Amino acid sequence: MRRIRVAQLGMNRYSHGIDIFDALKTMPEVFEIAGYTLVEDEEQTCADKLHTFEGYPRLTLEQILTDESIEAVFVETDEIHLTKYAQMVADAGKHMHMEKPGGASLEDFRTLIQTVKENGRVFHVGYMFRYYPFIREVIDRAKAGELGEIYSVQADMSRFDKAPTREWLSTFRGGMMFYLGCHLIDIILQIQGKPTRVLPLNTSTGFDGIGSEDIGFAVLEYPNGLSHVRIAATEVGGSHRRQLVVCGRNMTVDIKPLERRAPDNPYMLQSDKAEYYFGEDGHTKVKTETCEMFLRYEAMLRSFAAMVRGEKTNPYTPDYELMLYETIMTCCNVQ
């Protein structure tokens, strides 16, 4: 297996930048890490995370973009800057993994998508739930028709954040819907496709005098039903009861919680259980399954590497990523 020489561009305060680099370090048989660079004000805002780079060369942005031996770049700067630096990587003709969901400009994201379509490089976005076993299974079964006609997907993903994080959410329109709701919108679109109408209902608790949209709710309308995303940054215990319910005419699947971290390894996860409800002879039957432990980022990063080596085709095309991003922005009430 050919190793891929990579570099990380940026670090983020509240997303997966440190986790991605830590995961790369555990996969030396897959990735050769050339180094990293910091952009914007990350030296100050991410000071508590920079220890993860110890022992690796700090490069300039220009070095990363012009070094032909660096095949792929992990773009992990703060969300508000993602599209800006992803565009630089795309212009340099390199494969990239970009933190979700992109920057705050629709037009800039559309330009980025056009560039990656023209250069033919891998454009891989960090929606980690795409690689979670139970979530992947229910998406595949729904698309294969096993659940019957899908008429509703209900997705819930909340947490309890301190004031600084909720203040940071005001960086972009939609707040929590933009920051974490994007994961759930991705799941719904994979199952049901583009909605016919979106009703964004995001608001603010106003707690601690903070005006960011720390509660998100969006209804996605389809010809045969309604789906919704619910998300909050103020819910005590919210991270422990994240849930996905997929309703079809033949079967309902309930995954709860979406993830549970192992006590001795924050990157080791397990979805507690998936419950399958199905009708038979007028009665409801229930089948419960539990999930084996898995590493949060391993399947995602190995898949990206296989795409770069040409061993696997990215099932998430640039056109899909654009449809997803446009739907996310509509859920954030950005037209």
Seminar exercise, completed: Note, segment 209-217: 3J(HN,Hα) by Karplus (6.51, -1.76, 1.60, θ = phi - 60°), whole Hz, Gly/Pro = x, goes x, 8, x, 5, 7, 8, 10, x, 8
For this session: Figure the gain on full extension for residue 119 and residue 5 (residue separation times 0.36 nm, minus the Cα-Cα span) and round it to one decimal in nm.
Result: 39.1 nm
Problem set entry | Listed residues 18, 135, 95: farthest to the positive end of the dipole of segment 1-138 (Cβ charges) | 135
For this session: Specify the residue with the greatest mean-square fluctuation among 54, 292, 79, computed from a Gaussian network of the chain linking alpha-carbon atoms under 10 Å apart.
Result: 54
Exercise. Excluding ligands, DNA and RNA, what is the solvent-accessible area per residue of the chain at a probe of 1.4 Å, expressed in Å²?
Worked result: 42 Å²
Exercise. Considering the dipole of the chain built from charges on the beta carbon (Lys and Arg +1, Asp and Glu -1) around the Cα centre, which of 119, 44, 307 is farthest to its positive end?
Worked result: 307
Exercise. For the pair residue 108 and residue 275, how long in nm is the line joining their label points, each one 7 Å along Cα→Cβ?
Worked result: 4.4 nm
For this session: Enter the per residue convex hull volume of the chain, computed from alpha-carbon coordinates, in Å³ rounded to the nearest integer.
Result: 142 Å³
For this session: Could you work out how far helix 298-308 tilts from the main Cα principal axis of the chain, as a 0 to 90 degree angle to the nearest 10?
Result: 60 degrees
For this session: With both partners inside the chain, how many of the DSSP beta bridges are antiparallel, as a percent to the nearest 5?
Result: 65 percent
For this session: Per residue of segment 220-225, in order, report the coupling 6.51 cos²θ - 1.76 cosθ + 1.60 (Karplus, θ = phi - 60°) as ³J(HN,Hα) in whole Hz, putting x for Gly and Pro.
Result: 10, 9, 10, x, 10, x
Problem set entry | In Hz, Karplus ³J(HN,Hα) per residue of segment 85-101 (6.51, -1.76, 1.60; θ = phi - 60°; x = Gly, Pro) | 7, 4, 5, 4, 5, 5, 4, 7, x, 10, 5, 8, 10, 10, 4, 7, x
Exercise. What are the residues whose amide H is under 5 Å from the amide H of residue 74, where those residues sit 5 or more places off or on another chain and H is modelled from the backbone?
Worked result: 7, 8, 9, 97
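Residue 224: net charge of surrounding residues, Cβ under 15 Å, Lys/Arg +1, Asp/Glu -1, itself excluded?
Its environment carries a net charge of +1.
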Exercise. On a 0 to 90 degree scale, rounded to 10, what angle separates helix 318-331 from the longest Cα axis of the chain?
Worked result: 70 degrees
Problem set entry | Angle between the chain longest axis and helix 133-143 axis [Cα atoms, degrees, rounded to 10] | 60 degrees
For this session: Sticking with the crude label model, points 7 Å out along Cα→Cβ, report the distance from residue 201 to residue 43 in nm, one decimal please.
Result: 4.7 nm
For this session: Can you send over the carbon and sulfur percentage of the accessible area for the chain, probe radius 1.4 Å, protein chains only?
Result: 49 percent
Seminar exercise, completed: Neighbours of residue 52 by Cβ distance under 12 Å: Lys/Arg at +1, Asp/Glu at -1, summed charge -3
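Beyond a 27 Å Cα-Cα separation, which of these cross-linked pairs lie in this structure: 25/194; 25/312; 143/256; 25/256; 49/162; 100/285?
Result: 25/194; 25/256; 100/285 exceed 27 Å.
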Exercise. Pick from 51, 81, 97: which residue has the top mean-square fluctuation in a GNM of the chain where Cα pairs under 10 Å get a spring?
Worked result: 51
Exercise. Residue 284 to residue 312: extension gain in nm, 0.36 nm per residue of separation minus the Cα-Cα distance?
Worked result: 6.1 nm
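The values are calculated or read from the model by the stated rules, or taken from the named source; none is laboratory data. Values in this document were obtained by computation on a predicted structure and should not be read as measured data. Glycine also receives a Cβ, built like all others from the backbone with ideal geometry; neighbour counts cover every protein chain displayed. Note: accessible area is taken over every heavy atom of the protein model, side chains too, but ligands, DNA and RNA are not part of it. Shrake-Rupley method; radii C 1.70, N 1.55, O 1.52, S 1.80 Å.
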